[in-house]
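The values are calculated or read from the model by the stated rules, or taken from the named source; none is laboratory data. This one's a predicted model, so the numbers in the text were calculated from it and none came from an experiment. Here Cβ is always computed from backbone atoms with ideal geometry, including for glycine, and neighbour counts include all displayed protein chains.
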Amino acid sequence: MTLQTRIPTFRRSPTVLITGGAGFIGSHLCDSLLQRGNRVICLDNLFTGSVDNIRPLLNHPNFRFIEHDVREPIELGGEIDRIYSLACPASPRHYQKDPIGTMKTCVLGTINLLELARLKGARVLQASTSEVYGDPEVHPQPESYLGNVNPIGPRACYDEGKRAAETLMFDYHRTHGTEIKVARIFNTYGPRMLENDGRVVSNFIVQALRGEPITIYGGGTQTRSFCFVDDLVRGLQLLMESPPSVTGPCNLGNPHEVTIEAIARKVLTYTGSASALRFEALPKDDPKRRKPGIDTAVRLLGWRPRVALNDGLQATIAYFALQIAGETPSLVPTIARRRTDRTARNQMKVVDPSL
Ligand SMILES: NC(=O)c1ccc[n+]([C@@H]2O[C@H](COP(=O)([O-])OP(=O)(O)OC[C@H]3O[C@@H](n4cnc5c(N)ncnc54)[C@H](O)[C@@H]3O)[C@@H](O)[C@H]2O)c1
């Protein structure tokens, strides 16, 4: 059976709820789903998200923004077909600011969403994370790897919170038959990352553009694999529209592995910056290697990343350059985004027959 014949058809435009929709990934997902003719409800407490990320959508007839905290029960009228659960601070700096709040967002927020999904008969996709693998002893990390998480360390509020959220997803699926999808997202980067959240790519770019030293924690030999946000958003939608039997967990990330120092040097090249590299001590429990095994995504979704690191970095640098100059970069499409949006649109015709 082909993927196309297994896709459900809607009688009307699907209504999609995106929690955390005003954040980095969520706002790109709002853009993409609206472009495909969906009705989009963006729910966010603006903890790390910003209305600026969704400002161009606020007057769209199919878009609605609700300021709400997922730790509180969610009551919404009307039909909801799909729920993307993205609400949670994602960078250590932010999720460690209020660790108990982070845990509550993961646990209470997921229960509240799953209860809403039960009520509405909606399908739910949980944005889980590669952090469920902790500091991995297996490389690359397949979904079958159970992880190496320190349950009492400073990152545990997020890592264990996300693990608990996965548990809840599968318990609702087994107990109530809720249709679930669990995406384990690896490091993602692109326009609309927060300037000050301490994540590698945004940190390096902002430091380079400002001519400040680029801070590398550890020796710079630790690796990460970075996925451009457009690729990730396409993967999330393919997973969401996969057959009900596909629950995940499904890794979504770019298996192209690079050292942190190599990223810093690329950023220096593309920004033309003369910033020096400054090496500092590695934070506690920081994973040394991270690379997704994406066989499941390739096999079940036909998904693999398409945007090369060099292109994605240049698009992200262009965004931050505008932002630092005080312009409104959320309105400015980048070359990389324009190209991948077009490709993604063609691809998504397969998974959203309502268009
Ligand atoms: N960016 C990555 O590399 C990455 C990697 C793995 C997983 N993820 C997951 O993807 C999701 C989105 O990440 P992001 O990078 O866009 O982060 P982000 O911080 O930009 O977005 C998170 C959004 O959730 C909102 N939020 C936080 N707590 C909330 C609450 N209690 N109620 C309502 N809204 C709340 C924030 O205001 C923000 O808009 C997160 O769940 C994150 O854990 C991201």
*Quickly run through the stretch 61-95 and pick out the residues that are more than 9 Å from the ligand (Cβ to nearest atom), surrounded by 15 or more Cβ atoms within 10 Å (Cβ to Cβ) and in a loop (DSSP other than H, G, I, E, B).*
Asn62, Ile74, Leu76, Ile80, Asp81
_Filtered residue count, the stretch 235-255, keeping only those that are in contact with a Pro (Cβ under 9 Å, 6 or more places away or on another chain) and within 15 Å of Gly190 (Cβ to Cβ)_ = 4
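Can you name the residue in the stretch 108-132 that is part of a helix (DSSP H, G or I) and more than 11 Å from the ligand (Cβ to nearest atom) and, of all such residues, is surrounded by the fewest Cβ atoms within 10 Å (Cβ to Cβ)?
Leu119
Considering only the stretch 10-42, state which residues are in contact (Cβ under 8 Å) with a residue 24 or more places away in the chain and away from the ligand (no atom under 16 Å from the Cβ). Quick ask: steps written out before the conclusion?
So the first thing to find is which residues in the stretch 10-42 are in contact (Cβ under 8 Å) with a residue 24 or more places away in the chain, and the list is 10, 12-42.
Matches in the stretch 10-42: Phe10, Arg12, Ser13, Pro14, Thr15, Leu34, Gln35, Arg36, Gly37, Asn38, Arg39.
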*Val206: within 16 Å of the ligand (Cβ to nearest atom), at pLDDT 95 or above and of a type in the set (A, V, I, L, M), yes or no?*
yes
_Given (1) in contact with a helix residue (DSSP H, G or I) (Cβ under 8 Å, 6 or more places away or on another chain); (2) farther than 20 Å from Leu113 by Cβ, index of the condition Ile74 fails_ = (2)
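If I go through the stretch 133-142 residue by residue, how many of them are outside any strand (DSSP E or B) and over 16 Å from Glu160 (Cβ atoms)? Walk me through it before giving the result.
Residues of the stretch 133-142 that are outside any strand (DSSP E or B), as a first pass: 133, 135-140, 142.
Checking the rest, the ones that are also over 16 Å from Glu160 (Cβ atoms) come to 137-140, 142.
The qualifying residues number 5.
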*When the stretch 305-329 is examined, which residues are found to be charged (D, E, K, R) and free of Cβ contacts under 8 Å to residues at least 60 places away in the same chain?*
Glu327
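Quick grid of which residues meet (1) part of a loop (DSSP other than H, G, I, E, B); (2) within 20 Å of the chain's Cα centre (by Cα); (3) in contact (Cβ under 8 Å) with a residue 24 or more places away in the chain:
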residue: Pro191; (1), (2), (3): yes, yes, yes
residue: Leu238; (1), (2), (3): no, yes, yes
residue: Thr247; (1), (2), (3): yes, yes, yes
residue: Glu261; (1), (2), (3): no, no, yes
